[in-house]
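Single-structure report; data block below.
The values are calculated or read from the model by the stated rules, or taken from the named source; none is laboratory data. For clarity, every value in this text was computed on a predicted model and none was experimentally measured. All Cβ positions, even for glycine, are placed from backbone atoms using ideal geometry, and neighbour counts span all protein chains on display. Each accessible area value is taken on the protein alone, full model and side chains, heavy atoms only, with ligands, DNA and RNA left out. Shrake-Rupley method; radii C 1.70, N 1.55, O 1.52, S 1.80 Å.
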Amino acid sequence: MAFGDQPAYLRVADDLRKKIVAGDLPPHARLPSQARIREEYGVSDTVALEARKVLMAEGLVEGRSGSGTYVREQPVPRRLMRTGYHPRGESSPFRQEQGDDRVSGTWDCGSEQEEASPEIAERLRVEPGERVMRTRYLFRAAGEPVMLSTSWEPLAVTGRTPVMLPEEGPLAGRGVVDRMAAVDIVVDNVAEEVGARPGLAEEVLALGGVPGHVVLVISRTYFAGGRPVETADVVTLAERYRVAYHLPVK
């Protein structure tokens, strides 16, 4: 479809978007009111409203109750480094997810047993309903929420061992590689798949984003001799991070 054939609300949104990108509407500036958009572009109230909705869905503007709609300050994307699994003695839950040694961080977490869903069972190559340990993390760097991670480990592997709870016991706060080695399981491979989707409300809220934001999801599985011993979903805001891989050449 030619530009001139686009719906009016998209043409209006495109022009306002260009003004935001060019700095004519800088961060924290108030977006023209619905009445102003209607008059300036010669469109209806409905078109003006839909154009604003497009910009809000793209995360370019945000509504403030009783005040109007304002241009959001866009963060400069940072790299989220991925380096595969780490040798023994160098792992931690934060380092496992952020491979840049210059970055340190903290995390909150909690573990509980549950039955493996069909999706998780397939990833762990166990039967649906088998018991797994689920651990949820919220990672922070310099006090700022960076990413969420939910991991699952089959209790057939870790149950009744000192590493059954990832954040308790003698290896609390260490990564999967070290913990598995403590029970004579050698992690020798890791696979990751990166995708994107609209963020769930609770995910976006925890990460300090705006409803409707897209999130990057890194689905990771650790293997020992071809057997999955841990799988996890790592979630971060797409507008803030770019995933970069440093992988060894074999």
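Just a few scattered comments:
- Any hit, region 201-219, residues being closer than 19 Å to residue 78 by Cβ and touching a Phe, Trp or Tyr at 6+ places or on another chain (Cβ under 7 Å): yes
- Applying a threshold of 6 Å to beta carbon distances and a minimum spacing of six or more residues, or different chains, the list of pairs starting in region 122-144 at a residue that is of a type in the set (Val, Ile, Thr) and ending at one that is crowded, with 20+ Cβ neighbours inside 10 Å reads 126/116; 126/154; 132/116; 132/152; 132/154; 135/151; 135/166.
- The residues on offer are 183, 210, 243, and the sole one that is open to solvent by less than 50 Å² (accessible area, probe 1.4 Å) and under 11 Å from the mean Cα position of the chain (by Cα) is 243.
- Filtered by the rule that a residue be open to solvent by less than 30 Å² (accessible area, probe 1.4 Å) and of a type in the set (S, T, N, Q), region 55-76 gives a lone residue, 69.
- Screening region 213-228 for residues that are in contact (Cβ under 8 Å) with a residue 40 or more places away in the chain and among the small types (Gly, Ala, Ser) and picking the one that is surrounded by the most Cβ atoms within 10 Å (Cβ to Cβ) gives 224.
- So residue 94, is it modelled with pLDDT of 85 or more, in contact with a Gly (Cβ under 6 Å, 6 or more places away or on another chain) and either under 30 Å from residue 20 (Cα atoms) or surrounded by 13 or more Cβ atoms within 10 Å (Cβ to Cβ) (or both): no
- Restricted to region 103-145, and to residues there that are under 14 Å from the mean Cα position of the chain (by Cα) and within 15 Å of residue 233 (Cβ to Cβ), the residue that is modelled with the lowest pLDDT is 139.
- For region 145-157, a residue qualifies if it is surrounded by 22 or more Cβ atoms within 10 Å (Cβ to Cβ) and either out of contact with any helix residue (DSSP H, G or I) (no Cβ under 7 Å at 6 or more places or on another chain) or among the small types (Gly, Ala, Ser) (or both), and the qualifying residues are 146, 149, 151, 153.
Conditions tested, residue by residue: (1) within 26 Å of residue 215 (Cα to Cα); (2) not in a loop (DSSP other than H, G, I, E, B).
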{"residue": "11", "(1), (2)": "no, yes"}
{"residue": "14", "(1), (2)": "yes, yes"}
{"residue": "17", "(1), (2)": "yes, yes"}
{"residue": "21", "(1), (2)": "yes, yes"}
{"residue": "28", "(1), (2)": "yes, no"}
{"residue": "32", "(1), (2)": "no, no"}
{"residue": "36", "(1), (2)": "no, yes"}
{"residue": "51", "(1), (2)": "yes, yes"}
{"residue": "55", "(1), (2)": "yes, yes"}
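- All positions within region 57-85 that are in a loop (DSSP other than H, G, I, E, B), at pLDDT below 85 and closer than 10 Å to residue 13 by Cβ: 58
For every residue, the table says whether it meets (1) of a type in the set (Phe, Trp, Tyr); (2) open to solvent by less than 30 Å² (accessible area, probe 1.4 Å); (3) out of contact with any strand residue (DSSP E or B) (no Cβ under 9 Å at 6 or more places or on another chain).
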| residue | (1), (2), (3) |
| --- | --- |
| 15 | no, no, yes |
| 23 | no, no, yes |
| 26 | no, no, no |
| 48 | no, yes, yes |
| 53 | no, no, yes |
| 78 | no, no, no |
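- Selection of region 114-140 for residues being more than 23 Å from residue 193 (Cα to Cα), open to solvent by less than 50 Å² (accessible area, probe 1.4 Å) and assigned to a strand (DSSP E or B) yields only 114.
- Single residue of region 150-180 satisfying the filter (β-branched (Val, Ile, Thr) and within 24 Å of the chain's Cα centre (by Cα)) that is modelled with the highest pLDDT: 150
- Among the residues of region 15-45, those that are in contact (Cβ under 8 Å) with a residue 12 or more places away in the chain and of a type in the set (Val, Ile, Thr) comprise 20, 37, 43.
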